[in-house]
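Chemist: The structure that follows is given in the form of structure tokens.
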Amino acid sequence: MTDKRIIFISRDNTISRWFVSRENNIVERGNADNVSELEQWHDLETDVVLLGTDVIIKTVEIPGSNARTRLKAAPFAMEEHLASDIEAMHFAYRIIKDTQGIQVVAVEQKSLQDYLATLASLSITPTRIVPMAALLDTPQGCISVMQIEEHLL
């Protein structure tokens with residue numbers, strides 16, 4: 001793990017908790033009351049974890065050999081799981097090797113823009129934004145878990 005800031009942002013666009021990790025150890029921590037202290041580590045990579053239920057993660061099966069065509073079809077395969085029109089959504093994808101599966105992450109564009117605006121107001125540019133429920137890439141047959149206090153990633 002590289003040195004980084006890890007920020008948990010809630011559905012109401014507030015930073016609920018934050019941590020600074022150096023050499024695999026949490027060296028600083030805080031919450032909404034002292035979020036201004038995050039600025040002193042502006043040079044670190046910043047992972048933002050979304051705690052809300054705004055993010056939908058599903059694996060869809062889309063047959064075919066052309067990855068580009070399969071990715072274009074993925075939002076339509078998600079349509080029945082979404083409360084919003086697919087045009088109002090932001091999608092991210094991961095093709096699952098050696099299968100017809102595509103892992104799809106969907107979030108409403110408005111919600112994503114609100115999260116980004118909150119972070120920008122604090123001069124925070126995220127390196128990555130991940131939902132709490134996201135799984136980390138791991139070797140086949142293994143699970144990786146990262147625990148920060150009561151939160152598991």
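The values are calculated or read from the model by the stated rules, or taken from the named source; none is laboratory data. Predicted model only: the values in this text are computed from it and were never measured. Cβ placement follows ideal geometry from the backbone for every residue including glycine, while neighbour counts extend to all protein chains displayed. Surface accessibility is based on the protein's heavy atoms, side chains included, excluding ligands, DNA and RNA. Shrake-Rupley method; radii C 1.70, N 1.55, O 1.52, S 1.80 Å.
Chemist: Distance in nm between label sites at Asn24 and Lys72, each 7 Å beyond Cα in the beta-carbon direction?
Modeler: 4.5
Chemist: Related question: What is the distance in Å between the Cα centres of the range 1-36 and the range 49-87?
Modeler: 29
Chemist: Would you calculate the separation in nanometres between label points at Leu116 and Leu82, each defined as 7 Å from the Cα along the Cα-to-beta-carbon direction?
Modeler: Those two pseudo-labels are separated by 1.7 nm.
Chemist: Could you order Tyr115, Tyr93 by accessible surface area, starting with the largest, using a probe radius of 1.4 Å?
Modeler: Ranked from most to least accessible, the order is Tyr93, Tyr115.
Chemist: What's the local net charge at Gln109, with K and R +1, D and E -1, over the other residues with C-beta under 14 Å away?
Modeler: Summing Lys/Arg as +1 and Asp/Glu as -1 gives -4.
Chemist: Same structure, new question: Report, ordered by chain and residue number, the aspartates and glutamates lying within cross-link reach of Lys72, taken as a straight Cα distance under 17 Å and ignoring same-chain residues fewer than 8 apart.
Modeler: Cα-Cα hits under 17 Å: Glu61, Glu80, Asp85, Glu87.
Chemist: Once you have the Cα-Cα distance between Ser10 and Met132, take 0.36 nm times their residue separation minus that, and quote the gain in nm to one decimal.
Modeler: 42.9 nm
Chemist: Here's another thing I want to ask about it. Amide H to amide H, which residues 5 or more places from Thr46 or on other chains are under 5 Å from it, using H placed in the peptide plane?
Modeler: Correct list: Arg5, Thr127, Arg128.
Chemist: When only Cα pairs under 8 Å and 6 or more residues apart are kept, what is the percent relative contact order across the range 1-68?
Modeler: 35
Chemist: By per-residue mean of other Cβ atoms within 10 Å, what is the highest-first order of 7-15, 28-36?
Modeler: By packing density, highest mean first, the sequence is 7-15, 28-36.
Chemist: According to the square roots a ≥ b ≥ c of the eigenvalues of the Cα gyration tensor, what is the shape class of the range 1-129, taking rounded for a/c under 1.5, prolate for a/b larger than b/c otherwise, and oblate for the remainder?
Modeler: prolate
Chemist: Can you give me the relative contact order of the range 1-126 as a percent, contacts being Cα pairs under 8 Å and 6 or more apart?
Modeler: The value is 24 percent.
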